[in-house]
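Engineer: If you scroll down you'll find the structure; I have some questions about it.
Read the figures in this text as sums done on the coordinates, not as results from a lab. Since this is a predicted model, take the numbers as computed values, not measurements. Please note: Cβ atoms are built from the backbone with ideal geometry, for glycine as well, and neighbour counts cover all protein chains shown.
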Amino acid sequence: MKSKILIIGACGQIGSELTFKLRELHGDENVIASDISYSNLDIVNSGIFEIVDAQNYASVKVCVEKHKIDTVYLMAAILSATGEKYPMKAWDLNMESLFHVLNLARAKFIKKVFWPSSIAVFGTTTPKEYTPQYTTMEPTTVYGITKQVGERWCEYYHNKYGVDVRSLRYPGIISWKTLPGGGTTDYAVEIYHKAITDGIYDSFLAEDTELPMMFMDDAIKATVDIMKAKKDTIKIRSSYNLAAISFTPKEVAESIKKQLPDFKITYNPDYRQEIANSWPQSINDSYARQDWKWKHQFNLEDITKEMLLQLDKKYKAALNNSK
Ligand code: AKB
């Protein structure tokens, strides 16, 4: 029997691209996109879409029962930078939504759950380079705390109640289709937009701030791969370290300059610098590579080429449509 999938938070940066990929893999009729509002019309108009409030158990359950869902991807979250502005909102959304989905799985309404964690689970006392899977974790942001606590609950629900929950610690994700919102790594997407539209970017992180990053196609592949892996190959039920590349704002600016020689960058670090300073510079993801054969594909040069190409087309098409 075909799997019936619900994506919660389908209008967001990762949720939207995951929805398109899952529709391609499982068929439009088997993938239900949902979000709290109609904020991404590409998603709303391109397949089955439901309004679901991730903080309301009944709202999630009604949708699960209506569509006979067996697998949920819970992509709704408040990220690191917004979380620092609205700590209680971040705590409430990130934790309540996770409990609702885990409890639906515990009560056997659904069989399988994907829940994203993040490099934000690490903190200033974590080794910064090639950060291991098992290490000191003292996150300093509310977002990081919700992800660390969430990991513990995922593992608990798996061990105590047999819930098949799988998770990845995403690095910063770079994509051109949907903008990220409220993250510390968002600069690495904004910089490409500004390179195309303005030829100059004012970075909110300092030039030498190195962070783990990944192209969206790799992030989607990792998500699909971990979910289709055989149950007994998933040995870590908290969340897997996941890595591709690491770079600084200066390095990404240099790679843009190779294609757009007039591009300029300035640096004006703000409150997000402190968040970035608390995170690892690179990640050791050997468990993911070993257990379910994770392998990334895109390096910085590939990403820059694809981002500039696709964004150039996108802005030109928007301009033509407005004429
Ligand atoms: C953020 O910057 O908050 C996110 C993340 C690394 O989880 N992109």
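Engineer: Please list the non-local residues whose amide H lies under 5 Å from the amide H of Lys4, H modeled 1.01 Å from N, same-chain partners needing a gap of 5 or more.
Structural biologist: Asp70, Thr71
Engineer: At a Förster radius of 45 Å, what calculated FRET efficiency corresponds to the Cβ-Cβ distance of Lys68 and Thr124, to the nearest 0.05?
Structural biologist: The formula returns an efficiency of 0.45 here.
Engineer: If the limit is 20 Å between Cα atoms, which of Lys147/Lys295; Lys21/Lys316; Lys160/Lys228; Lys61/Lys177; Lys66/Lys221; Lys89/Lys147 go over it?
Structural biologist: As for pairs spanning more than 20 Å Cα to Cα, those are Lys147/Lys295; Lys21/Lys316; Lys160/Lys228; Lys61/Lys177; Lys66/Lys221.
Engineer: Let me ask you something else. Give the peptides 56-62, 5-11, 18-24 in descending order of average Cβ contacts within 10 Å, highest first.
Structural biologist: Taking the mean over residues of other Cβ atoms within 10 Å, the ranking is 5-11, 18-24, 56-62.
Engineer: Let me ask something additional. Averaged over every viewing direction, what's the projected area of the C-alpha convex hull for the chain? Give it in nm², one decimal, please.
Structural biologist: With the hull built on Cα positions only, its mean projection is 15.9 nm².
Engineer: Principal axis extents for the stretch 193-323, Cα atoms only, whole Å, descending order, please.
Structural biologist: Largest to smallest, the principal-axis extents are 54, 37, 24 Å.
Engineer: Of the listed peptides 113-119, 269-275, what is their order by residue-averaged count of other C-beta atoms within 10 Å, with the highest listed first?
Structural biologist: Highest to lowest by the protection proxy: 113-119, 269-275.
Engineer: While we're looking at this one, here's another question. Apply the Karplus parameterisation 6.51 cos²θ - 1.76 cosθ + 1.60, with θ equal to phi minus 60°, to every residue of the stretch 266-272 and state each ³J(HN,Hα) to the nearest whole Hz, in sequence, with x for glycine and proline.
Structural biologist: 10, 10, 9, x, 10, 4, 6
Engineer: Please list, short to long, the whole-number percent of alpha-carbon pairs of the stretch 263-323 in consecutive 5 angstrom bins beginning at zero.
Structural biologist: All Cα pairs considered, the percentages come to 4, 11, 9, 12, 16, 19, 14, 9, 5, 2, 0.
Engineer: Calculate for the chain the 222 nm mean residue ellipticity that helices alone would give, adding -39,500 (n - 2.57) per DSSP H run of length 4 or more and normalising by residue count, nearest 500 deg cm²/dmol.
Structural biologist: The helix contribution divided over the chain gives -13500 deg cm²/dmol.
Engineer: Right, here's the next one. Short version: what are the Cα gyration tensor semi-axes of the stretch 75-210, square root of 5 times each eigenvalue, largest first, in whole Å?
Structural biologist: Its equivalent ellipsoid spans semi-axes of 30, 18, 14 Å.
Engineer: Taking R0 as 56 Å, what FRET efficiency do you get between Asp262 and Ile51 from their Cβ-Cβ distance, rounded to the nearest 0.05?
Structural biologist: Plugging the Cβ-Cβ distance into 1/(1 + (r/R0)^6) gives 0.80.
Engineer: Using 0.36 nm times the number of residues separating Ile200 and Thr135, minus their current alpha carbon distance, what extension gain do you get?
Structural biologist: The span from Ile200 to Thr135 would gain 19.5 nm if fully extended.
Engineer: Something else now. Label Val149 and Ala58 with points 7 Å out from Cα along Cα→Cβ: what is the distance between them in nm?
Structural biologist: In this crude spin-label approximation the distance works out to 2.5 nm.
Engineer: Okay, next question. Once the piece of chain linking Ser286 and Lys235 is laid out straight, how much longer is it, given 0.36 nm per residue of separation minus the C-alpha distance between them?
Structural biologist: So the chain would gain 17.1 nm between Ser286 and Lys235.
Engineer: Taking the Cβ-Cβ separation of Asp28 and Ser322 as r and a Förster radius of 22 Å, what is the calculated FRET efficiency to the nearest 0.05?
Structural biologist: 0.15
Engineer: Report relative contact order for the chain in percent, whole number only (criteria: Cα-Cα under 8 Å, sequence separation at least 6).
Structural biologist: It rounds to 18 percent for the chain.
Engineer: What net charge do the residues around His193 carry, taking every other residue with its C-beta under 11 Å from that of His193, with Lys and Arg at +1 and Asp and Glu at -1?
Structural biologist: It works out to a net charge of -2.
Engineer: Express in nm, to one decimal, how much length is gained between Lys250 and Lys293 on full extension, taking 0.36 nm for each residue of separation and deducting their alpha carbon distance.
Structural biologist: Gain in length upon complete extension: 12.3 nm.
Engineer: Calculate, axis by axis, the spread of Cα positions in the stretch 127-197 along the three principal axes, and write the results as whole Å, longest axis first.
Structural biologist: 52, 28, 22
Engineer: For the residue pair Tyr161 and Asp92, what label-to-label distance in nm results when each label sits 7 Å from Cα along the Cα-to-beta-carbon direction?
Structural biologist: Calculated label separation equals 2.3 nm.
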